[in-house]
Amino acid sequence: MANGGIIGPINDPTRGDLTTSFTASGTYSNPGYGPGQADILIVGGGGPGAADAGGGGGAGGLIYSPLTPIPSSSYPIVVGAGGSGVSYPPGKGSNGSDSTGFGLTAVGGGAGGSGSTPPCSNAQGSAGGSGGGARGNRAVSTTGGGSGTQPSQPGNSGTYGFGNPGGNSLAPVTPVFYSGGGGGAGAAGQSGTTTSGTGGAGGVGKQYNISGTNTYYAGGGGGHVNSTPFSPAPGGLGGGGSGGVTLGAAATNGTANTGGGGGGQRCNPPSPGTNGGSGIVIIKQTAAGPVQAPGVWSINDAYNYKKAGQWT
């Protein structure tokens, strides 16, 4: 009975992966065993949607870094806040905040454009992780969305950054203004269009199953449309808020802990701009979870792991 009195094959100890999600800033503590590498997802805070025929907010920049070496000691994690919407004037809020961890930075999303009178100094969407969409302009020319500034960061086993520009507005051929959607991690924000009669849709985010569930992150906010018969422009998959319609539906905020941009807000009644969704950091460390115990084990191993609080 060399196996401690149990008849049958003895399984070697195994550990599952350890997944930790940060929805607010904190500290990641490496449990001190396993190979010391992890898959890491970092999403910056989303940009706010603007007031007064506002452009949609850009999504926070997104980084997905598989098989990343992590330190054996504790490491600070910062989760960026979404940008806050403000009333008109000025209508255009500030960008979302950066999220950081393990030497990587996901840039906060750009604010959607606002401003209703020439020279429309706030009408262009702000640059950010993904850029904010442009405000529906009263001028004769189109107004541009903000650029996506999240850098691509190739590194160990692939470290990637994702961000895209916001959509443009269309100068009205009638008194209808078509605002641009905010950019998302997976695609640029769409420009306002007379074809569908809506503001631009927010750019789609990117999907990962690092949390154990297939989930989209970092979608852009939809742009405003200044005409009641039309439907709100949708936000991008990944928490982007929908755009507002004048005398119709109000715009919606970006979803918390997705980095989604806020939707561009309606003109009338006066409404404040929308908020971007806060970011998130998810760490999936290889073979660092509790000991798993399928099948037949020796009594000594079972006792030792149970005593250490590591038997599942």
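Any read-out appearing in this document is the output of simple, stated calculations on the displayed coordinates, not a laboratory observation. No experiment lies behind these values; they were computed from the predicted model shown. Cβ sites come from the backbone with ideal geometry, for glycine too, and all protein chains shown count toward neighbours.
Points worth noting:
- Placing a pseudo-label 7 Å from each Cα along the Cα-to-Cβ vector at THR213 and ASP17 gives an inter-label distance of 1.7 nm.
- Based on C-alpha pairs under 8 angstrom that are at least 6 apart in sequence, region 31-133 has a relative contact order of 33 percent.
- Positive end of the dipole of region 17-289 (Cβ unit charges, origin at the Cα centre): among TYR33, GLY260, GLY55, the Cα lying farthest that way belongs to GLY55.
- Distances between placed amide hydrogens fall under 5 Å for ALA251 paired with GLY244, VAL245, ARG266, all partners being 5 or more residues away or on another chain.
- When you restrict to C-alpha pairs under 8 Å that are six or more residues apart and normalise by the size of region 17-289, the relative contact order lands at 24 percent.
- Shape class of region 17-289 from the Cα gyration tensor (axes a ≥ b ≥ c, square roots of the eigenvalues): prolate, since a/c reaches 1.5 or more and a/b is larger than b/c.
- Note on SER152 and LEU247: the model spin-label points, each 7 Å out from Cα along the C-beta direction, lie 4.7 nm apart.
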